[in-house]
Amino acid sequence: MPDNFDRASARRHMEFIISEFGYAVGPYGEINATQLAEATADEMNHPEWLDDDQHEIWDVAVECAESMEKR
């Protein structure tokens, strides 16, 4: 059964909460990808994504965290 995961929407949400609220940003500028994935799955009403360690949300969160840390 498809889970309606939209990679671009997830990425935009992650970038938004980092940029606007400093969400998941530690004291040295590091970004917690786990917190990003959890907040995004919750916002998109799909907490079940977090139960699958191979779900694409984890990859998007890591990519976003790494990209945003470089800014």
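The values are calculated or read from the model by the stated rules, or taken from the named source; none is laboratory data. Since the structure is predicted, the reported quantities are computational estimates derived from the model, not experimental observations. Note: ideal-geometry Cβ built from the backbone for every residue, glycine included; neighbour counts use all protein chains shown.
Evaluated against (1) of a type in the set (Phe, Trp, Tyr); (2) assigned to a loop (DSSP other than H, G, I, E, B); (3) surrounded by 10 or more Cβ atoms within 10 Å (Cβ to Cβ), TYR28 falls short on exactly one condition, (3). Here ASP3, ASP42 are screened, and the one residue that is among the charged types (D, E, K, R) and more than 25 Å from ARG71 (Cβ to Cβ) is ASP3. Determine whether GLU63 is assigned to a helix (DSSP H, G or I), under 25 Å from ASN4 (Cβ atoms) and at pLDDT below 95. So GLU63 does not fit the description; no. Would it be correct to say that GLY22 is modelled with pLDDT under 95 and in contact with a helix residue (DSSP H, G or I) (Cβ under 8 Å, 6 or more places away or on another chain)? Answer is no for this residue.
Restricting attention to the stretch 31-71, the residues being surrounded by 16 or more Cβ atoms within 10 Å (Cβ to Cβ) and either farther than 15 Å from HIS13 by Cα or free of Cβ contacts under 8 Å to residues at least 12 places away in the same chain (or both) number 3.
Among the residues of the stretch 36-71, write down those that are among the acidic types (Asp, Glu) and touching a His at 6+ places or on another chain (Cβ under 9 Å).
Residues of the stretch 36-71 that are among the acidic types (Asp, Glu), as a first pass: 38, 42-43, 48, 51-53, 56, 59, 63, 66, 69.
Once the filter is applied, which keeps residues that are among the acidic types (Asp, Glu) and touching a His at 6+ places or on another chain (Cβ under 9 Å), the stretch 36-71 yields GLU43, GLU48.
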